[in-house]
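First up is the structure itself, then whatever we jot down about it.
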Amino acid sequence: MSVSLPTTMRAVVVTAPDCFAVRDDVPVPRPGPGQALLRVMSTTICATDQKIVAGQFPGTRFPHIPGHEFAGEVVALGPGVDEVAVGDRVGVEVHVGCGRCARCREGLYQLCENYGRPEKGHAHIGFTVPGGLAEYVAVPVQALHRLPPTLSWDEGAFTDNIGIALYALERGRVQAGESVVVIGPGAFGALAVQVARALGAAPVVLLGTRPERLARLDYLGADAVIAARGEAALERVRAALGGRGADVVVEFAGTSDAARQAILLARRGGRVVLAGATGPGRELSGVDLSVIVRGHLDLCGSLANPRGISGRGLQLLARRSVDVRPLITHHFPLGAFAEAWATFVERRDGAIRVMLHPHGAPAEPPVAASARSGEETGR
Ligand SMILES: [Zn+2]
Ligand SMILES: [Zn+2]
């Protein structure tokens, strides 16, 4: 069963590092066994897309269709698929492990030992296989989460992101009433603040360096929002915590400075989660090892999200304990991708998340429209 589909579609195609175009002659994919075809409604772009488009992501081969933060409607099913149905509204969790290796059997799809081997069943959607900056995309059903009916397509595009933020807090084993410091006021830091609050953490402190960015994040409900660098940052955060270190520090900035601050801001016996996107060549220096060892810190890295966590994260979005709408600063049709890209890369007009609409500005489903009772703004 499927709706009638065109044979070609519009998609962003990257052919070489930093060389991309919107093309209208890309074949519409046919869903293979275990896959569903999605009509993509909303796709955002993030800093990782910059690495992908620049040719700096090791697993990506050109030509490539990027896009890994998206939501859409199921329009066709591959052989053997009954987990979703045509017409379902779904968000996508982008790490699909092979399901066979030791790490996948622990649920750690993001650590799959068959990474980049589609013949083994691995797919990193928008990274090693085509993504959502296209009118249609075929994805394994393991990646799909049905969207709660109150969520818009744009909110659904945060399916993967909310899983990443929730996982970082769970790596820190946050308990109700514990203090949490989040470092890095990007989209993930913003999500982490709200997830921490949703889990009952208090107080929650957000630390960044740019006052103009932090000023936009008042709505998060952090108990303190601090723009500072170096020693002053440490002093001000400790003051906000009543002169103590934090029970849990979550770093989402991806810099050496932020990682160092995270370690120095934890209380003795506290937990430190380094979750910011990083890459080869960034080193951690300037930390006295006794801070970690004699401080008895639990220090862990957190990479992306394991199998299925986004489904739980979507419940936080559905009840608006985590509200992603203020993070969406711009909207463009897919045909204006070049302008959307420049807006994001140059952070024009305070851009945080730039939303692409492959099928034009989507009409929201009736439930979402009534639930939002006129608070939606025009695009
Ligand atoms: Zn991303
Ligand atoms: Zn695997």
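The values are calculated or read from the model by the stated rules, or taken from the named source; none is laboratory data. Predicted model only: the values in this text are computed from it and were never measured. Note that we place each Cβ from the backbone using ideal geometry, even for glycine, and neighbour counts take in every protein chain shown.
Take the residues of segment 1-43 that are among the charged types (D, E, K, R) and not in a loop (DSSP other than H, G, I, E, B): which is nearest to ligand 2 (Cβ to nearest atom)?
For segment 1-43, the residue satisfying everything is R39.
Out of the residues in segment 90-125 that are under 15 Å from Q35 (Cα atoms), surrounded by 22 or more Cβ atoms within 10 Å (Cβ to Cβ) and not β-branched (V, I, T), which is nearest to ligand 2 (Cβ to nearest atom)?
The extreme case among them is G97.
Among (1) touching a helix residue (DSSP H, G or I) at 6+ places or on another chain (Cβ under 7 Å); (2) surrounded by 13 or more Cβ atoms within 10 Å (Cβ to Cβ), where does D18 come up short?
Here D18 clears every test but (2).
Which of the residues spanning segment 180-212 are in a helix (DSSP H, G or I) and aliphatic (A, V, I, L, M)?
If the condition is that a residue be in a helix (DSSP H, G or I) and aliphatic (A, V, I, L, M), then A187, A190, L191, A192, V193, V195, A196, A198 are the ones that fit.
May I ask you to list the residues in segment 85-101 that are within 21 Å of the chain's Cα centre (by Cα) and closer than 15 Å to G156 by Cα?
Correct list: R89, V90, G91, V92, E93, V94.
What are the residues in segment 155-179 that are among the small types (G, A, S) and part of a helix (DSSP H, G or I), if any?
G156, G163, A165, A168
Report, ordered by the first and then the second residue, all pairs with beta carbons closer than 7 Å, sequence separation of six or more or different chains, a first member in segment 2-30 that is under 21 Å from T60 (Cα atoms), and a second member that is assigned to a loop (DSSP other than H, G, I, E, B) and among the acidic types (D, E).
That search, which allows pairs on different chains as well, returns R10/E135; A11/E135.
Need at least 2 residues that are touching an Asp or Glu at 6+ places or on another chain (Cβ under 9 Å) per element, so show me which strands (runs of 3 or more DSSP E) inside segment 244-335 make the cut, counting only ones lying wholly within it.
Filter on segment 244-335 gives 246-251, 266-274, 328-333.
Among what's in segment 44-80 and is charged (D, E, K, R) and either in a strand (DSSP E or B) or not assigned by TED's automatic domain parsing to the domain that holds W153 (or both), pick the residue that is farthest from ligand 1 (Cβ to nearest atom).
Going through the qualifying residues, I end up with E73.
Scanning segment 115-136 for residues that are among the hydrophobic types (A, V, I, L, M, F, W, C), in contact (Cβ under 8 Å) with a residue 24 or more places away in the chain and not in a loop (DSSP other than H, G, I, E, B), which turns out nearest to ligand 1 (Cβ to nearest atom)?
I125
What residue, among those in segment 52-62 that are at pLDDT 95 or above and farther than 22 Å from P333 by Cβ, is surrounded by the most Cβ atoms within 10 Å (Cβ to Cβ)?
Selected residue: T60.
For E83, indicate whether it is surrounded by fewer than 24 Cβ atoms within 10 Å (Cβ to Cβ), assigned by TED's automatic domain parsing to the domain that holds L334, acidic (D, E) and modelled with pLDDT of 95 or more.
Here the answer is yes, as E83 does meet what is asked.
Take L37 and tell me if it is more than 16 Å from ligand 1 (Cβ to nearest atom), closer than 20 Å to V26 by Cβ and in contact (Cβ under 8 Å) with a residue 40 or more places away in the chain.
Judged against the criteria, L37 is a match.
Please give the number of the condition V291 fails out of (1) hydrophobic (A, V, I, L, M, F, W, C); (2) out of contact with any helix residue (DSSP H, G or I) (no Cβ under 9 Å at 6 or more places or on another chain); (3) under 19 Å from A233 (Cβ atoms).
Here V291 meets the rest and fails (2).
Residues that are in the same structural domain as V12 (by TED's automatic domain parsing), closer than 26 Å to H359 by Cα and outside any loop (DSSP other than H, G, I, E, B): does segment 93-114 have at least one?
Among the residues of segment 93-114, at least one is in the same structural domain as V12 (by TED's automatic domain parsing), closer than 26 Å to H359 by Cα and outside any loop (DSSP other than H, G, I, E, B), which makes the answer yes.
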